[in-house]
1. Considering only residues that are touching a strand residue (DSSP E or B) at 6+ places or on another chain (Cβ under 8 Å) and within 14 Å of chain B (Cβ to nearest Cβ), look in region A:162-199 and name the one that is surrounded by the most Cβ atoms within 10 Å (Cβ to Cβ).
2. Select the strands (runs of 3 or more DSSP E) contained entirely in region B:46-139, then report the ones holding at least 2 residues which are more than 14 Å from chain A (Cβ to nearest Cβ) and acidic (Asp, Glu).
3. When region A:211-241 is examined, which residues are found to be aliphatic (A, V, I, L, M) and surrounded by fewer than 17 Cβ atoms within 10 Å (Cβ to Cβ)?
4. Here is a check on your reading of the model: is A:LEU213 within 11 Å of chain B (Cβ to nearest Cβ), in a strand (DSSP E or B) and without any contact (Cβ under 8 Å) to a residue 40 or more places away in the chain?
5. Could you check region B:162-277 for strands (runs of 3 or more DSSP E) lying wholly inside it with 3 or more residues that are within 14 Å of chain A (Cβ to nearest Cβ), within 26 Å of B:PHE56 (Cα to Cα) and not charged (D, E, K, R)?
6. Output the number of residues of region A:100-118 satisfying the condition of being buried (at least 17 other Cβ atoms within 10 Å of the Cβ) and touching a helix residue (DSSP H, G or I) at 6+ places or on another chain (Cβ under 6 Å).
7. Here are some conditions: (1) out of contact with any Phe, Trp or Tyr (no Cβ under 9 Å at 6 or more places or on another chain); (2) more than 13 Å from every other protein chain (Cβ to nearest Cβ); (3) of a type outside the set (Val, Ile, Thr); (4) exposed (fewer than 15 other Cβ atoms within 10 Å of the Cβ). B:GLY159 meets all but one. Which one does it not meet?
8. Mind checking which residues of region A:308-348 are surrounded by fewer than 17 Cβ atoms within 10 Å (Cβ to Cβ), over 17 Å from A:VAL247 (Cα atoms), among the β-branched types (Val, Ile, Thr) and more than 21 Å from the chain's Cα centre (by Cα)?
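Please treat every number below as a calculation from the coordinates, not as lab data. What you see is a predicted model; the values in this text were computed from it and never measured. So basically every Cβ, Gly included, is an ideal-geometry build from the backbone, and we count neighbours across all protein chains shown.
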Amino acid sequence: MNRFIKTSFFTSLLVYGLGLVSCNELMLGKEPSRIPISTFEYLWSTFNDHYGLFEVKQLDWEEIHAEFSGQVSNQMSDDELFDVCSEMLSRLNDGHVWLVKPNPGFRRFDSGPSYPEGTFDLDLIREHLSEETFFGPTENPLVLFGRFKNTNIGYLYLDHLGEAPGFYEKHVKTALAELANTDELILDARGIEGGDDRSAQVVASFFAKETKLYMKTRFKQSAKPADFSNWILWEVNPKSGAYTKPVVLLTDRGTGSAGETFTLAMRQNETVEIIGNFTYGAFSDNPKWELPNGWIVAMSTGDFRDQNGNSYEGIGLEPDELIANTPGEVSEGTDRALTRALSILLGN
Amino acid sequence: MNKLFKSLLAAGCLLGGTILGFSQTQKENPGAELTVTYLRGTQKLHDLQASPMIYFTDYNGLNLDYKRMKGHNRWEFGLEAKTGSMRAPALGEREFQFEEGGGGFLLIPSQYFGEIRAGYQRSLSQRENLESYLGISLRDQVHYADGLAMNTWAMNQLGLAIRYTHLVKLGTRHQIIGDVQLPIISIIARMPYSNVVSQPEKSQFKTFLKESTVTTAHELQQPEIRVAYRYRLAHRSSLELNYAYDWMHYSKPQPIKKTNHELGLSWVYHFQFSHIN
């Protein structure tokens with residue numbers, strides 16, 4: 001009898017235990033509802049808790065909630081909900097904030113400003129280079145360098161900064177060794193839409209004469225408003241094989257994200273002059289979050305400043321000399337920013 | 001029929017008598033064993049740092065384990081590697097594009113996870129049909145997935161756990177093994193609250209590990225149980241079928257809950273025999 005009770009007890013315990021561990025809600029917690037109101041509230045609160053630029057952009061997110069929450073109902077279609085969410089996110093005016101809805105019926109909304117494309121054409125420049133070497137595909141090189149015909153001016157182009165820092169350590173060093181006997185250099189950052197800030201630091205350090213602070217970054221570390229990590233300090237550090245002769249850095253509205261932290265770093269190098277247009281104006285990293293209905297949203301969780309504590313989010317970095325190419329000029333074969341850079345260097 | 005029954009009974013008695021007789025005169029206990037295990041399991045993950053949704057990973061894996069037994073002591077060293085695709089059943093299969101008119105891709109991230117471990121146990125009791133051991137286990141578990149909600153997802157956990165093992169011998173060929181582990185202190189690295197790992201002149205891996213925090217049972221709960229049935233195939237080898245379950249809860253920077261149901265089929269090689277009279 002005693003044995004029977006024992007066996008029954010342990011069998012019941014086992015069955016109860018198996019029932020317990022197979023219950024997802026109990027062991028893993030509850031998933032939020034996928035209805036429009038729940039999705040909207042999740043989107044809003046995710047930004048409320050994680051977005052790093054409310055202070056910089058002087059936005060009252062609670063006020064924005066009050067404005068938009070009334071427009072959401074559980075009867076609305078996916079597209080209608082997407083429209084309301086997009087409208088709310090547009091108030092951030094942040095190039096690193098976007099929202100995507102999967103297929104069928106894929107949609108993407110970008111919160112940041114859009115600028116005309118076609119203000120820069122690499123092929124136009126390649127026609128003027130007497131010697132050209134590149135790494136990566138012929139039609140879309142990752143790093144390209146050469147000399148302008150009949151001059152001793154070098155040219156270095158970076159498509160993006162998305163490769164690991166070691167890639168740039170190797171290839172930019174090779175490029176600068178090849179260009180070491182030029183008198184000046186044009187460094188084209190107009191194609192750099194983004195990448196890794198560490199790679200930006202590596203490339204900029206090849207043009208540094210001394211160690212200098214160029215950027216401070218910090219990230220949200222809890223849902224509390226303005227609760228950020230300590231500042232992370234970014235410096236340019238002179239490298240062996242550095243190019244310390246005069247450099248003109250070309251920027252435009254297509255220079256974004258890591259392209260802009262690169263521009264911040266290059267500004268600290270004394271020999272560098274910046275010609276072209278403002279940069280895009282989106283600096284912080286932008287990790288993604290998933291919404292209960294399966295949409296994905298990207299947002300800036302950092303606060304990136306220059307060495308003096310100034311933020312250029314939504315503004316962009318101003319060049320030393322503003323020359324904004326138009327798509328029409330470029331399609332007709334004219335690159336005014338490049339022409340100006342050449343004339344400055346030839347005048348040296 | 002009667003003749004067949006008699007023959008079988010005689011053969012059975014002969015075999016039984018031989019085994020019994022042999023076990024009474026001399027016993028050979030293996031001093032070490034090497035175990036290779038094929039693993040198949042399901043991980044269920046609810047990590048609010050990555051997604052509000054629960055992700056399932058059906059995975060396959062391989063486990064290698066070396067055990068050394070001497071007197072009352074047991075040492076164990078092991079390695080494990082597993083991989084599977086992550087799906088959120090509530091969201092179904094989702095195809096995204098990076099931009100309008102661009103090529104589509106299915107968002108089904110792969111998860112890679114594994115562990116390396118070392119452990120020591122000392123016997124609490126060693127009777128003829130029953131053994132029990134208590135000890136510690138030190139192990140590092142690493143998880144990595146690229147593309148969970150289009151982000152990198154990672155976790156590393158170096159933990160020291162209390163481990164209790166109970167072993168019941170059913171005759172000479174059958175064993176039932178029960179095993180319970182409970183971490184007491186861990187060093188855990190997770191993606192930070194911002195989901196960004198970026199520091200000047202440091203690899204992302206190094207920066208990620210730098211975020212590690214020491215935690216104890218009040219913040220991290222991860223009980224693990226394992227039951228196994230082992231059948232002695234031959235002098236030097238056994239087959240083992242085992243089931244393991246673990247549940248994890250940790251609250252920083254945002255709550256993560258995780259369960260694993262895992263089946264394993266093992267081949268065990270016994271060696272370094274010692275003779276016991």
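1. Looking at the filtered set, the residue picked out is A:ASP197.
2. Details: elements: B:55-70, B:73-87, B:95-97, B:104-106, B:110-126.
Those strands (runs of 3 or more DSSP E) span B:55-70, B:73-87.
3. A:LEU213, A:ALA223, A:ALA226, A:LEU233
4. Details: within 11 Å of chain B (Cβ to nearest Cβ): yes; in a strand (DSSP E or B): yes; without any contact (Cβ under 8 Å) to a residue 40 or more places away in the chain: no.
It is false that A:LEU213 is within 11 Å of chain B (Cβ to nearest Cβ), in a strand (DSSP E or B) and without any contact (Cβ under 8 Å) to a residue 40 or more places away in the chain.
5. Where strands (runs of 3 or more DSSP E) fall fully within region B:162-277 and carry at least 3 residues being within 14 Å of chain A (Cβ to nearest Cβ), within 26 Å of B:PHE56 (Cα to Cα) and not charged (D, E, K, R), they are B:237-250, B:256-276.
6. Counting residues in region A:100-118 that are buried (at least 17 other Cβ atoms within 10 Å of the Cβ) and touching a helix residue (DSSP H, G or I) at 6+ places or on another chain (Cβ under 6 Å) gives 4.
7. Exception for B:GLY159: condition (4).
8. Residues satisfying the conditions are A:THR326, A:THR334.
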